[in-house]
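**Student:** Here it is, the structure, as structure tokens.
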Amino acid sequence: MSTGLFYHALGIAGYFYQSTCFIAGVIVVVIQADHWRLRCPVCKSREILLGKAGDASGQYR
């Protein structure tokens, strides 16, 4: 999967693609933040706060 797909389809920039798996009918895409290129998908600012990633159900790990 291309990081260009994340950017153009979802507005997600500043991440590296790691892997994809299919678990119990759910597609799980694992990405890792590239802290040097990370930007806000709304305003494109580099002034962001990093937090915990949630899964597809909205639950935090």
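Since every read-out is calculated from the coordinates, none of them should be taken as a lab result. Quantities reported herein were computed from a predicted structural model and do not represent experimental measurements. Virtual Cβ from ideal backbone geometry, glycine too; neighbours counted across all protein chains shown.
**Student:** Tell me, what ³J(HN,Hα) does each residue in the stretch 28-43 have, in order and in whole Hz, if you take phi through Karplus 6.51 cos²θ - 1.76 cosθ + 1.60 with θ = phi - 60° and put x for Gly and Pro?
**Tutor:** 10, 10, 9, 10, 10, 5, 9, 4, 7, 10, 5, 9, 5, x, 8, 10
**Student:** Right, next: Sticking with the crude label model, points 7 Å out along Cα→Cβ, report the distance from CYS43 to HIS8 in nm, one decimal please.
**Tutor:** Each label point lies 7 Å from its Cα, and together they span 2.8 nm.
**Student:** Would you mind checking which residues have amide H under 5 Å from ILE31's amide H? H placed 1.01 Å from N; only 5 or more apart, or other chain.
**Tutor:** When sequence neighbours closer than 5 places are left aside, the close amide H contacts are GLN18.
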